[in-house]
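**Q** For reference, the structure I am asking about is given below.
The values are calculated or read from the model by the stated rules, or taken from the named source; none is laboratory data. These numbers were taken from a predicted model, which means no experiment stands behind them. Using ideal geometry, Cβ is built from the backbone for each residue, glycine included, and neighbour counts are taken over all protein chains shown. To get the accessible areas, we keep the full protein, side chains included, count just its heavy atoms, and leave off ligands, DNA and RNA. Shrake-Rupley method; radii C 1.70, N 1.55, O 1.52, S 1.80 Å.
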Amino acid sequence: VKMHRCGNVQWTVPEMTHHSLEQSEDGGYWTTGRHYVEGTSSFPPIPTPYIEDTILKISADSKVLREMSVPALLFNDKRARAEWLSNGHDDLRILNFYADGISELVHVNDVEELTADMAKSFPQFAAGDLMISIRNTNVIYVVDPKAGLVKWHQTGPWFRQHDPDFNPDGTLVVFNNNTDSTDDGSVWGGSSIVSLNPSTGSWAFRYGGNSDQKMYSRGLGKVQVLENGNVLITEATAGRVFEINSKDEVVW
């Protein structure tokens, strides 16, 4: 839904969209969608019924310009397919259940476009590439949406992550939920903000790595690096929003 600042609805998109809505450099939008699929499987021998997550490109005036299946991206890339379908069993069952025995093939919770000015800091990628976060398998992908190819992906050091962002310094910043099935994060020490260099694989805690930086969001979560270098963090399930500076001090 796009609304005027005074509250009038300007347009709606009649699709099952969810989680993420990001503006594209051409003035349109990228978002995530999904379909309930029964009957013939597009990914044999994975059986139906299942939930299939997609990426939607929407124009500035609400037209759906393109829809891209995320499972198809992974299924057509042999390396990504091998990791996606690693389930510890001798058949290709999907272990993520949505409800009533329906498989959730992937759980996409974010999509973001690499802009032209930011692409200068990521020589291995190109302007227009998309970063996709898949929560259930702890993987972040960068894909070429035009060619439908996986360019890069990494599993961890995050766990059930949310909201990975490109940064001007050539790193990615990720809200690492670090979900440990408790309500307070007492087993694995809580959530954190992780900074990662996709060229080298090196990473560091941006926040949450010390005992005096306690935070925990079992699900959800957002992180945004601001123009002044400060970091805005939404610790969602705790109902807390705070901002830190370069010294990791809480500004408010």
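**Q** Post the alpha-carbon centroid distance, the range 159-227 to the range 70-111, in whole angstrom.
**A** 23
**Q** Next question. Any idea of the accessible area per residue across the chain, 1.4 Å probe, to the nearest Å²? Present the calculation step by step, with values, prior to reporting the outcome.
**A** Details: 12680 Å² over 252 residues.
Value for the chain: 50 Å² per residue.
**Q** What does a probe at Q224 reach in the range 1-42, counting residues whose amide N is under 13 Å from the point 7 Å along Cα→Cβ?
**A** From the range 1-42, the list is 21-23.
**Q** Test of understanding: what is the full-extension gain from H35 to N197, defined as 0.36 nm times their sequence separation minus their Cα-Cα distance? Please list the in-between numbers first.
**A** Numbers: separation 162, 0.36 × 162 = 58.32 nm, distance 3.37 nm.
Full-extension gain reported as 55.0 nm.
**Q** I need the phi-derived Karplus couplings for the range 188-197: 6.51 cos²θ - 1.76 cosθ + 1.60, θ = phi - 60°, integer Hz, Gly and Pro marked x.
**A** 9, x, x, 7, 7, 9, 10, 10, 9, 9
**Q** Share of the range 1-144's accessible area from carbon and sulfur, percent, 1.4 Å?
**A** 50
**Q** Looking at the range 140-252, what % of the alpha carbon pairs are farther apart than 23 Å? Please list the in-between numbers first.
**A** Values: 1788 of 6328 pairs.
Cα-Cα pairs of the range 140-252 separated by over 23 Å account for 28 percent.
**Q** With a 1.4 Å probe and every protein chain kept in, tell me what percent of the accessible surface of the range 184-252 is carbon plus sulfur.
**A** The value for the range 184-252 is 50 percent carbon and sulfur by accessible area.
**Q** Okay, next question. I need the phi-derived Karplus couplings for the range 227-234: 6.51 cos²θ - 1.76 cosθ + 1.60, θ = phi - 60°, integer Hz, Gly and Pro marked x.
**A** Karplus values, whole Hz, x for Gly and Pro: 4, 7, x, 5, 10, 9, 10, 10.
**Q** With the Cα gyration tensor of the range 1-103 in hand, give its eigenvalues times 5 under a square root as the equivalent ellipsoid semi-axes, listed largest first in whole angstrom. Write down the numbers at each step before the final one.
**A** Working: eigenvalues 210, 47, 25 Å².
Equivalent ellipsoid of the range 1-103: 32, 15, 11 Å, largest first.
**Q** When only DSSP loop residues count, what trypsin sites (Lys or Arg not before Pro) in the range 144-252 have their Cβ near at most 12 other Cβ atoms within 10 Å?
**A** Numbers: sites: K146, K151, R160, R206, K214, R218, K222, R240, K247; in loops: K146, R160, K214, R218, K247.
Taking the range 144-252 and a limit of 12 other Cβ atoms within 10 Å, the loop trypsin sites (Lys or Arg not before Pro) found are K146, K247.
**Q** Whole-Hz ³J(HN,Hα) for each residue in the range 209-214, computed from phi via Karplus 6.51 cos²θ - 1.76 cosθ + 1.60 with θ = phi - 60°, x for glycine and proline: what do you get?
**A** The phi angles translate into x, 10, 5, 8, 10, 5 Hz.
**Q** Could I ask something else about it? Tell me which GluC sites (Glu not before Pro) from the range 200-248 have a DSSP coil assignment and no more than 11 other beta carbons within 10 Å of their own. Walk me through the intermediate numbers first.
**A** On the way: sites: E227, E235, E243; in loops: E227.
Hits after loop and neighbour filter: E227.
**Q** How many times 2.2 N^0.38 Å is the alpha carbon radius of gyration of the range 57-118?
**A** Details: Rg = 15.6 Å, N = 62, 2.2 N^0.38 = 10.6 Å.
The value comes to 1.48.
**Q** Compute the orientation-averaged projected area for the range 13-55 from the convex hull of its Cα atoms and round it to one decimal in nm². Walk me through the numbers before you get to the answer.
**A** Numbers: hull surface 15.7 nm².
Hull-based average projected area comes out at 3.9 nm².
**Q** Report, in deg cm²/dmol and to the nearest 500, the calculated mean residue ellipticity at 222 nm for the chain, where each DSSP H run with n ≥ 4 adds -39500 (n - 2.57) and the sum is divided by the residue count.
**A** So the calculated ellipticity at 222 nm is -1500 deg cm²/dmol.
**Q** Right, next: Determine the shape class of the range 70-224: with a ≥ b ≥ c the square roots of the Cα gyration tensor eigenvalues, call it rounded for a/c under 1.5, and otherwise prolate if a/b is greater than b/c, oblate otherwise.
**A** Values: a/c = 1.99, a/b = 1.01, b/c = 1.97.
Oblate, because a/c is 1.5 or more while a/b does not exceed b/c.
**Q** What is the set of long-range amide H partners of Q154 at a cut-off below 5 Å, with H atoms built 1.01 Å from backbone N?
**A** The list, which skips near neighbours in sequence, is I140.
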